2 protein chains.
Amino acid sequence: MNIVIIGGVAGGMSAAARLRRLDESATITVVERSGHVSFANCGLPYHVGGVIPERSALLLQTPEALRARFELDVRVQTEAVRIDRDRRVVVVRSLMGGSESELPYDALVLAPGARPVRPAIPGIERALALRSVEDTDAMVAAVAGARTAVVVGGGFIGVETAENLLHRGLAVTMVEATPQVMAPLDPEMGAPVHAALREAGIDLRLSASVTAIGERDVELSTGERVPADLVVAAIGVRPDTGLAQAAGLEIGARGGIVVDDHLRTSDPAIYAVGDAVEKADALDGSPVLVPLANTANLQGRRVADLIAGRDVRDRPVLGTAIVGVLGLQVATVGWNEKRLVAAGRAHRVIHTHPLSHAGYYPGAQGLALKLLVDPGTDAILGAQAVGRDGADKRIDVIATAMRGGLTASDLAELELAYAPQFGSAKDPVNMLGFVDENLASGLTDSIQWHEVEDAQRDGVTVVDVRTPEEFAAGAIPGAVNVPVDEVRDRLDEVPEGDLVVHCAVGVRAHLATRILQASGRSVRNLDGGYRTWVAGMASRS
Amino acid sequence: MNIVIIGGVAGGMSAAARLRRLDESATITVVERSGHVSFANCGLPYHVGGVIPERSALLLQTPEALRARFELDVRVQTEAVRIDRDRRVVVVRSLMGGSESELPYDALVLAPGARPVRPAIPGIERALALRSVEDTDAMVAAVAGARTAVVVGGGFIGVETAENLLHRGLAVTMVEATPQVMAPLDPEMGAPVHAALREAGIDLRLSASVTAIGERDVELSTGERVPADLVVAAIGVRPDTGLAQAAGLEIGARGGIVVDDHLRTSDPAIYAVGDAVEKADALDGSPVLVPLANTANLQGRRVADLIAGRDVRDRPVLGTAIVGVLGLQVATVGWNEKRLVAAGRAHRVIHTHPLSHAGYYPGAQGLALKLLVDPGTDAILGAQAVGRDGADKRIDVIATAMRGGLTASDLAELELAYAPQFGSAKDPVNMLGFVDENLASGLTDSIQWHEVEDAQRDGVTVVDVRTPEEFAAGAIPGAVNVPVDEVRDRLDEVPEGDLVVHCAVGVRAHLATRILQASGRSVRNLDGGYRTWVAGMASRS
């Protein structure tokens, strides 16, 4: 059996290695446009920053090593120029000699990945990307003589690149077209990321775009010019579908190659995996683009199993992702609130601000967590975590719970490993379950940060149950201060009518809510407390 | 409603606070024998070691604060001496004045916890325990003048205490009656813990016991005398059932208070939670003692819900646990192999040795993972993780998968958050799933470290596919060295008959196994490779 794989990084190389382990006799050829296969693409920004000092650390395999170990025919600097589907042949061209040749296939796997989006603005040819080892070499060379950089785009690659350019001593400006970096986060969850970027000295320009790139600067939509010895385009990526499109394979509405749950394209002899394909969303089955390394690797393994005749299926994706930003961990899974709102899907929102581990043990870090829940079924729809420690663990646990079909209330009952260095006897994930169960069972009701102003306009009184000292240091306009420990004795001081109660994060307010409910009052607890409210308001300004 | 709670730490105090939030009008009285409630019992060893320098950090609440916030009547230094079930009254005695009084109850919650086991050996009265703040004060005082310490018992509290005494500059001997510390681990997984203890300078005496405690030393079962200015008894704990037993409540075969899934004892007006009760095992439903803080806290919350008339049930326990040992994380969930063997339960074993995060990013730490699987259903039966980073996360993910009913093969498909600082594109948990799927589907077969010798006796040849350098540095007696990259070319050199193939951890051997299988050979991969074999053999010596 002749198997040809186009693309030799995550999905393609996983497929090649697994195929060899499943079929010792197959002829397996891997075609890669760049000069390297199986390189550490998620490590590229960190080599630019010197965090991974040795370039060789990025190069996990060589064609020679892959031949020796897996008997793979790996052709780097080789471009697949055309697929002749009738003859089942791929025409490839060496980028060194220019010579063309034909590779016959019984099964063809497309794993071309994605290409960086390059906006059509004057001077864009000077903008660097960060997708290949060659891109990395170019950026390392450019950094050497540079003092200033503009990073266009505040997504995963944008923030990683900005951080690493900062490490190299450059003055970095980040230009993001929307009001918020890290689009997978909801606005109020993005606030700590903005703070971290600014504290580190990055000049963060939100709701701004680059209109032109000059020789030593860029022009912004605000009219300003910002110095830029170096310009990085990190606006996002698009599926690399040129070859598939030219071969007449079906391309979906999202711009990715369409595959079925056997990872087959519209031609059953041609499979496709990774960033280039549209995946099925785990929540609603709709086609989505999820350019993540773990998904690509899993699909690469699955396609090998399918070609070898094993009974597996591609699975819908949750899109679990994480990025490090200047010591902050930003992790997400499933849908965010923006997407739920846009889809008109009912949802319950829970914000908490726990510590990464027991507060009495040194080194505990604050976490901001957000959970999105289907109010009808109590199904977990998504989660977000931002903090300096333990965000990865909590999102992994929630992603696993989602895959296992656990409800949000079930999170209350998870037995998670506890010692004071690692968590709390009631882990932050348990606490999310407690809050959800209180809401789902109707024990308490909550209100979101962005609903407070309207509620006040409708005559609702906000009762702040923090201490007078906390209240004096900053409070919601119009709020009345009655510390939680005094609520029972000062019930008659609480104004009539409907109430919103809040504290710093929601815990003291939960008790106050219950006390006030017991006295017959109609009360909602401000979800996530003053901390979430402040973050939300900051995201609006 | 009058509610009396005996015991004011994890389970008892969780119950009290939750009860108040559910019922503002209840009268809630908490009776605690020690001088403190709601203290950080899992932090006590770290205060001894100075890691938590301030004693006040251990004291999370005071009776006064609990009255102000939760309107609880908290009576410390008060002992419950008798339950009069007919009159529904608890007789309590003040340990300060000695006066007795009666507390009537509509519902009584027993949360007395567990008491340290104290073996009946001469001099035992000098041995210190570590269960209360008072115990901690005593140990801090004793450390002051001490240079040597003997810790009896190598369980959770034993290793934590030994580490902290070491921090305080004492010469520490640990005496463990079995051949292994950390009983939740299987022997080969305990080897790195032994190594860590010894490297840190702890004099580790396995398969030894203390026969007598002298004034400045202890006598061991070996006849030796070991200096011991300080002796710590950390042999384990037993449910504190004195009060329950005297009241005629049912006590189970394991020695804990028997409760139903409504946490009711044999008297329906009396509930019990936490370390004092027998729980239902999540795997087989049998009664088990699981003295863990998270379980106690969860039961405390549940019992409050039940007393308040909410529809919840106590859940069977997985017993997820973790301990830090000199920078090592030791985490476990579910059953270990020892227990499966003892129960005669069929099981598949998987050992892996992944890195905590991508190897090309600085700081990756080695992990040893073990997964136990039901070969009939592919259900996950248990897992163990030992390493300097990321063990907690992997065990939490597996515990969540177990709760969600995911199979071991399903672990292959989990979408876990990946960036090079936090994991791998194929996370260690995914890799466990890959290995399981290969075994479950019959693609490959494995052999365990302790089966190799017998296999060799039966004529099986061991083929070591590591490099000649690795082979020269240490190998399994009788093994033949054929490096993985040469296996295809040297097939005729491989001796006839059945084969066991191995490398360092199992990955290269997997490929070699497949190559040899393709040439018609009968092959088993040595699970966990040479590394697990060495650890296993070390555990025997």
key: Identity of the residue in the stretch A:439-464, open to solvent by 20 Å² or more (accessible area, probe 1.4 Å) and within 26 Å of B:G11 (Cα to Cα), that ends up farthest from the other protein chains (Cβ to nearest Cβ)   = A:L439
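On the basis of being closer than 20 Å to B:D186 by Cβ and at the interface with another protein chain (Cβ under 8 Å from one of its Cβ atoms), does B:I395 make the cut? First the steps, then the outcome.
Values: closer than 20 Å to B:D186 by Cβ: yes; at the interface with another protein chain (Cβ under 8 Å from one of its Cβ atoms): yes.
Yes.
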request  = Please name all residue pairs, on different chains or six or more residues apart, with Cβ atoms under 7 Å, provided the first residue is in the stretch A:311-329 and is within 7 Å of another protein chain (Cβ to nearest Cβ) and in a strand (DSSP E or B) and the second residue is of a type in the set (S, T, N, Q) and surrounded by fewer than 18 Cβ atoms within 10 Å (Cβ to Cβ).
outcome  = none
message = Looking at the stretch A:49-64, I want the residues that are more than 9 Å from chain B (Cβ to nearest Cβ) and of a type in the set (G, A, S) and have a partner that is open to solvent by less than 60 Å² (accessible area, probe 1.4 Å) and assigned to a helix (DSSP H, G or I) with Cβ atoms under 8 Å, at least 6 apart or on another chain. Which pairs are those?
response = A:G49/A:E163; A:G49/A:N164; A:G49/A:L165; A:G49/A:L166; A:G50/A:N164
remark   = Here the residues within the stretch A:132-169 that are closer than 13 Å to A:A233 by Cα, touching a strand residue (DSSP E or B) at 6+ places or on another chain (Cβ under 6 Å) and not small (G, A, S) are A:M139, A:V150, A:V151, A:V152, A:F156, A:V159, A:T161
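Pick from the stretch B:48-67 the residues that are under 23 Å from B:D240 (Cβ atoms) and open to solvent by 20 Å² or more (accessible area, probe 1.4 Å): which of them is modelled with the lowest pLDDT? Steps first, please.
Here is the first cut: in the stretch B:48-67, the residues under 23 Å from B:D240 (Cβ atoms) are B:48, B:58-61, B:63, B:66.
When the remaining residues are screened for being open to solvent by 20 Å² or more (accessible area, probe 1.4 Å), the result is B:59-61, B:63.
Numbers: B:L59: 92, B:L60: 88, B:Q61: 91, B:P63: 95.
Filtering the stretch B:48-67 for residues that are under 23 Å from B:D240 (Cβ atoms) and open to solvent by 20 Å² or more (accessible area, probe 1.4 Å), the one modelled with the lowest pLDDT comes out as B:L60.
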ask   = Hey, does the stretch B:71-92 have a residue that's surrounded by fewer than 22 Cβ atoms within 10 Å (Cβ to Cβ) and within 12 Å of another protein chain (Cβ to nearest Cβ)?
value = yes
task = Return only the number of the condition from (1) under 30 Å from B:D23 (Cβ atoms); (2) open to solvent by 50 Å² or more (accessible area, probe 1.4 Å); (3) without any contact (Cβ under 8 Å) to a residue 40 or more places away in the chain; (4) of a type outside the set (D, E, K, R) that B:A342 does not satisfy.
result = (1)
request  = Taking B:A419 as the residue in question, decide whether it is within 13 Å of chain A (Cβ to nearest Cβ), closer than 15 Å to B:I350 by Cβ and not acidic (D, E).
outcome  = no
remark   = Checked pairs for the stretch B:430-441, first of a type in the set (D, E, K, R), second open to solvent by 50 Å² or more (accessible area, probe 1.4 Å) and at pLDDT below 95, C-beta under 9 Å and 6 or more apart or across chains, list as none
query = On the given criteria, is B:R20 open to solvent by 20 Å² or more (accessible area, probe 1.4 Å) and either more than 9 Å from chain A (Cβ to nearest Cβ) or more than 25 Å from B:D240 (Cα to Cα) (or both)?
reply = no
inquiry  = If a residue must be open to solvent by 60 Å² or more (accessible area, probe 1.4 Å) and more than 14 Å from every other protein chain (Cβ to nearest Cβ), how many such residues does the stretch B:472-497 contain?
reply    = 7
ask   = What about A:G376, is it in a loop (DSSP other than H, G, I, E, B) and at pLDDT below 95?
value = no
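Based on this model, can you work out whether A:A304 counts as within 20 Å of the chain's Cα centre (by Cα) and surrounded by 24 or more Cβ atoms within 10 Å (Cβ to Cβ)?
Working: within 20 Å of the chain's Cα centre (by Cα): no; surrounded by 24 or more Cβ atoms within 10 Å (Cβ to Cβ): yes.
Against the criterion (within 20 Å of the chain's Cα centre (by Cα) and surrounded by 24 or more Cβ atoms within 10 Å (Cβ to Cβ)), A:A304 does not qualify.
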Given (1) over 21 Å from A:A425 (Cα atoms); (2) touching a Lys or Arg at 6+ places or on another chain (Cβ under 8 Å); (3) open to solvent by 10 Å² or more (accessible area, probe 1.4 Å), index of the condition B:N41 fails = (1)
note = Here the residues within the stretch A:354-380 that are under 20 Å from A:T444 (Cβ atoms) and buried (at least 22 other Cβ atoms within 10 Å of the Cβ) are A:P354, A:L369, A:K370, A:L371, A:L372, A:V373, A:I380
task = Would you check if there is a residue in the stretch B:241-262 being over 23 Å from the mean Cα position of the chain (by Cα) and part of a strand (DSSP E or B)?
result = yes
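Scan the stretch A:279-289 for residues that are open to solvent by 20 Å² or more (accessible area, probe 1.4 Å) and either under 15 Å from the mean Cα position of the chain (by Cα) or away from every other protein chain (no Cβ under 12 Å) (or both) and jot them down.
Of the residues in the stretch A:279-289, the ones open to solvent by 20 Å² or more (accessible area, probe 1.4 Å) are A:280, A:282-287, A:289.
If the condition is that a residue be open to solvent by 20 Å² or more (accessible area, probe 1.4 Å) and either under 15 Å from the mean Cα position of the chain (by Cα) or away from every other protein chain (no Cβ under 12 Å) (or both), then A:A280, A:L283, A:D284, A:G285, A:S286, A:P287, A:L289 are the ones that fit.
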Residue list for the stretch B:255-277, restricted to those being out of contact with any Ser or Thr (no Cβ under 9 Å at 6 or more places or on another chain) and either within 12 Å of another protein chain (Cβ to nearest Cβ) or open to solvent by less than 20 Å² (accessible area, probe 1.4 Å) (or both) = B:L263, B:T265, B:D267, B:A269, B:I270
Subset of the stretch A:500-541 [within 14 Å of chain B (Cβ to nearest Cβ), open to solvent by 10 Å² or more (accessible area, probe 1.4 Å) and without any contact (Cβ under 8 Å) to a residue 40 or more places away in the chain] = A:V507, A:A518, A:S519, A:G520, A:R521
ask   = How do the pairs read when you match residues in the stretch B:65-84 that are in the same structural domain as B:R18 (by TED's automatic domain parsing) with residues anywhere that are part of a strand (DSSP E or B) and among the polar types (S, T, N, Q), using Cβ under 7 Å and keeping only pairs 6 or more apart or on different chains?
value = B:D73/B:T29; B:R75/B:T29; B:Q77/B:S94; B:T78/B:S94
query = Quick one: which of B:S99, B:S132 is over 27 Å from B:E24 (Cβ atoms) and surrounded by fewer than 18 Cβ atoms within 10 Å (Cβ to Cβ)?
reply = B:S99
note = Note: among A:R315, A:R394, A:R348, just one is open to solvent by less than 10 Å² (accessible area, probe 1.4 Å), touching a helix residue (DSSP H, G or I) at 6+ places or on another chain (Cβ under 7 Å) and not aliphatic (A, V, I, L, M), namely A:R394
request  = Evaluate the following for A:E451: is it free of Cβ contacts under 8 Å to residues at least 12 places away in the same chain and of a type in the set (D, E, K, R)?
outcome  = yes
query = Within the stretch B:397-438, how many residues turn out to be part of a helix (DSSP H, G or I) and open to solvent by less than 20 Å² (accessible area, probe 1.4 Å)?
reply = 15
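The values are calculated or read from the model by the stated rules, or taken from the named source; none is laboratory data. Remember, predicted model here, so these are calculated numbers, not experimental data. Neighbour counts run over all protein chains shown; Cβ positions are idealised from the backbone, glycine included. Note: areas computed on protein heavy atoms with side chains; ligands, DNA, RNA excluded. Shrake-Rupley method; radii C 1.70, N 1.55, O 1.52, S 1.80 Å.
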